[in-house]
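Following: one structure in structure tokens, then a few remarks.
Values in this text are rule-based calculations from the coordinates and carry no lab data. The shown structure was predicted, so the numbers you read here are calculated from the model rather than taken from an experiment. Cβ coordinates were reconstructed from backbone atoms using ideal geometry, including for glycine residues, and neighbour counts include every protein chain displayed.
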Amino acid sequence: MRLLVCGGAGFIGSAFARQRVREHGDEIVVLDKLTYAGREENLRDLRAEPGFSFRRGAIEDAAAVAEAIAGADAVVNFAAETHVDRSIAEPDAFVDTNGRGTYVLLEAARERGLRHVQVSTDEVYGSIEEGTFTEESPLAPSSPYSASKAGADLLVSSYFHTFGTETLIVRGSNNYGPYQYPEKLIPLMVLNALAGDPLPVYGDGMNVRNWIYVEDFARAIGTVLERGEPGEVYNAGGPDECPNLEVVHAILRHTGRDESLIEFVTDRPGHDRRYSLSSEKVRGLGWEPRVRFDEGLERTVAWYRDNAWWWEPIRSGEYREYYERQYGRVLRVKGDRT
Ligand code: NAD
Ligand code: TYD
């Protein structure tokens, strides 16, 4: 297949591109704006692969999309502003990229009769105290991030109903694994633990997330791309749920640190208590998750420990300023005594 992968320089998009090139021999064009979260380093090992190319550009730029989409059989859209805390501090870019950007891609797919796979999130359903969300659950997003993703999902579905565009939506639960930008819980805590920085736990630490290893989610997206029914939504949740505090304790164990690093900090406004996703429908297409949380977390900690080349420039760059704004503290850098 020839795929336009938007947002392919980010965490999940790069894992998907790697999987499709290596395991399926697909031809891939990545279109990515390279925001703070998008990094060409994430695709470093794919550069030399035949059939792989990278273009810098924004999905809300129709001319850039028209150039990148030439020759594609399908579009897979990962491009988004993705961090809840940033959406609370500065929602602007969330509306532009997640909303208008998705619209520009849908128009391009409609004009050319292409399949459009939208990568979405369980956060569009809001929080669930007990039980599990299915594809039939109502959308009740809580944050500007999840609201902008829900808006995009509705627009995607409207292109199927109104124009017959072959749209599909895959909603994933919380991903973790290599190459995740350290603003998110797991890499943030791993890098802080490795550096000896405090681990900032929001609220009482008992919020629950449903963790999925990034390669499992990437495979679910590939399954839906190949075998999904146009117009349908598919949830892809991980095999395990875990309260944040347990995640943090496991990270302390894997990094050889003790609990004294834990620091309870002011809760996130509107913080969703629990996410939980039923994946029966995508299992019906032959997908299942392969990596349990214990194993995936150990692998992830090992990857960050062994790949300082990847995160050191991040931790001393834009992320450092973001961290100071968000947490009111300065991060340690290499050479500081722990
Ligand atoms: P990420 O923040 O790591 O990467 C996002 C990528 O999109 C970056 O490469 C960035 O440069 C690019 N991008 C941002 N704005 C753009 C624009 N206007 N035009 C082109 N490119 C742009 O995000 P991620 O964690 O890899 O998430 C990818 C997708 O999966 C998102 O749509 C997100 O909503 C969804 N998702 C993420 C998770 C998760 O746990 N991370 C879970 C479920 C769904
Ligand atoms: P996050 O990785 O931001 O993903 P999301 O909010 O989209 O699920 O956060 C995961 C959980 O970890 C969430 O309950 C908020 C919590 N959290 C902290 O306790 N401290 C932190 O510094 C961060 C970033 C998140």
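When the Gaussian network model of the chain links Cα atoms closer than 10 Å, the mean-square fluctuations of Gly164, Gly328, Gly228 top out at Gly328. Annotation for the range 153-231 versus the range 54-109: alpha-carbon center distance of 16 Å.
Using a cutoff of 8 angstrom between alpha carbon atoms and counting only pairs six or more residues apart, the relative contact order for the chain works out to 17 percent. Placing a label point 7 Å from the Cα of Asp258 along the Cα-to-Cβ direction, the residues of the range 171-203 with a backbone N closer than 19 Å are 193-200.
3J(HN,Hα) along the range 283-298, derived from phi through the Karplus expression 6.51 cos²θ - 1.76 cosθ + 1.60 where θ = phi - 60°, amounts to 4, x, 8, x, 8, 8, x, 10, 10, 6, 4, 4, 5, x, 5, 4 Hz, with x in place of Gly and Pro.
Rounded to the nearest 5, the antiparallel percentage of DSSP beta bridges internal to the chain is 10%.
About its Cα centre, the range 36-110 has a charge dipole of approximately 160 debye under the convention of +1 per Lys or Arg Cβ and -1 per Asp or Glu Cβ, with nothing else charged. Spin-label pair Phe163-Glu111: with each label point 7 Å from Cα along the Cα-Cβ axis, the two points sit 0.9 nm from one another.
Considering only Phe133, Phe163, Phe94, give the residue with the highest GNM mean-square fluctuation for the chain, with springs between Cα atoms whenever their separation is below 10 Å. With Cα springs under 10 Å in the chain, the top fluctuation among Phe133, Phe163, Phe94 is at Phe163.
Legend: ranking of residues His161, His254 from fewest to most surrounding C-beta atoms inside 10 Å; resulting order His161, His254.
Here the simple spin-label model places points 7 Å from the Cα toward Cβ, and for Glu321 and Glu90 these points are separated by 0.8 nm.
Rounded to the nearest 10 degrees, the angle from helix 185-195 to the longest Cα principal axis of the chain is 40 degrees. Size estimate for the range 167-253 follows the Kirkwood approach: the inverse of mean 1/r over distinct Cα pairs works out to 14.4 Å. Of the residues Pro91, Tyr319, Gly205, the one whose Cα sits farthest toward the positive end of the charge dipole of the chain, with +1 on the Cβ of Lys and Arg and -1 on the Cβ of Asp and Glu, is Tyr319.
For the range 93-109, backbone nitrogen atoms closer than 16 Å to the point 7 Å from Ala62 Cα along Cα-to-C-beta are found at 100-109.
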